[in-house]
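Read the structure below first, then the notes.
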Amino acid sequence: MEKNVPTTFHYHHDYDSSKTAFKNLHSGWIDTFETGGQKLRLRFDTGIKYNFECYRVEQLQENTWKTRAMMYLCDDEYSKKDMNNDGYTDFVKHYHERNYIYFYNPQAKMLCDSVWIMPAEYEVMDKSNFLHFDFYEAMHGNPSPSSKHREARPGMPV
């Protein structure tokens, strides 16, 4: 795709089971989901503004789709699951043994637009306060937000 050239792109809701989720998204499929009574979706953006292929996580608010996160994705490196055991679906990008989590905030009724980075492998010590530990720093020399206290999570209720 050339830089800053308008592109016509047709979106659809039909999933082709002969393709991966990534290839479906790239061909215009919109991955929709709901949590807490709110409608959300992941869709491919033509990348005209960013000069690379980009994906948008959007939430329907006041009859308008509003961008909650933008990211680069390749292959099938995302999921939608409850990462903090609060009963609500969160959006997760998986990349290089890390999870980039956009938590759903039930009080605000929206997906947080700030990302929380966690190692892919961790152990939960206290489910009610989401206290956990991992060996990411010891294995890779990079610190992760391990064992952060509940109020440290961006946009989350205490």
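Annotations
- The simple spin-label model puts a point 7 Å past each Cα toward its Cβ; for TYR11 and TYR95 those points are separated by 2.1 nm.
- Under the Debye formula (equal points on every Cα, no solvent term), log10 I(q)/I(0) of the stretch 34-114 at q = 0.11, 0.21, 0.24 Å⁻¹: -0.28, -0.99, -1.22
None of the figures in this text is laboratory data; all of them are computed from the coordinates on show. Computed from a predicted structure; not experimentally measured. A quick note on method: Cβ atoms are made from the backbone with ideal geometry, for glycine too, and the neighbour counts reach across all protein chains shown.
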